[in-house]
Amino acid sequence: CLTSLRTGQSGRVARVVDDDPALLRYLTELGIMPRVTVTVTERAPFDGPLHVRVGRAKSGPIYPLGPQVANQVYVETND
């Protein structure tokens, strides 16, 4: 899942747990959906949020995602 990525590591969203329609809407608003590349730019300590850049561009938007949300996003990496 997204929480397994290291700072600076990218992955392509493979799937999102779809049990919660509100979560799906929220992630869609952020642009986090299957086949989109995401990069972890920062990890806050003590189970704090991951800061995730959406898209391949270095200027792409960065969003903080708490562990409860990040654990619902599954990614594929090239590593």
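The values are calculated or read from the model by the stated rules, or taken from the named source; none is laboratory data. For clarity, every value in this text was computed on a predicted model and none was experimentally measured. Heads up, the Cβs are rebuilt from the backbone with ideal geometry, glycines too, and the neighbour counts pull from every protein chain shown. For accessibility, only protein heavy atoms count, side chains too; no ligands or nucleic acids. Shrake-Rupley method; radii C 1.70, N 1.55, O 1.52, S 1.80 Å.
Name the residue that is most open to solvent (accessible area, probe 1.4 Å), counting only residues in region 6-38 that are part of a strand (DSSP E or B) and among the basic types (Lys, Arg). Please lay out each step first, then the result.
Quick first cut of region 6-38, residues part of a strand (DSSP E or B) only: 10-16, 37-38.
From what's left, among the basic types (Lys, Arg): 12, 15.
Numbers: ARG12: 101, ARG15: 123 Å².
Selected residue: ARG15.
Can you tell me which condition GLN9 does not meet? The list is (1) in contact with a Leu (Cβ under 9 Å, 6 or more places away or on another chain); (2) in contact (Cβ under 8 Å) with a residue 24 or more places away in the chain, and all the others hold.
(1)
If a residue must be in contact (Cβ under 8 Å) with a residue 40 or more places away in the chain and either of a type outside the set (Val, Ile, Thr) or in a helix (DSSP H, G or I) (or both), how many such residues does region 57-77 contain?
To start, the set of residues in region 57-77 that are in contact (Cβ under 8 Å) with a residue 40 or more places away in the chain comprises 65, 67, 69-77.
Now restrict to residues that are either of a type outside the set (Val, Ile, Thr) or in a helix (DSSP H, G or I) (or both): 65, 67, 69-72, 74, 76.
Qualifying residue count for the region: 8.
LEU2 versus (1) open to solvent by 70 Å² or more (accessible area, probe 1.4 Å); (2) touching a helix residue (DSSP H, G or I) at 6+ places or on another chain (Cβ under 7 Å): which is the lone unmet condition?
(1)
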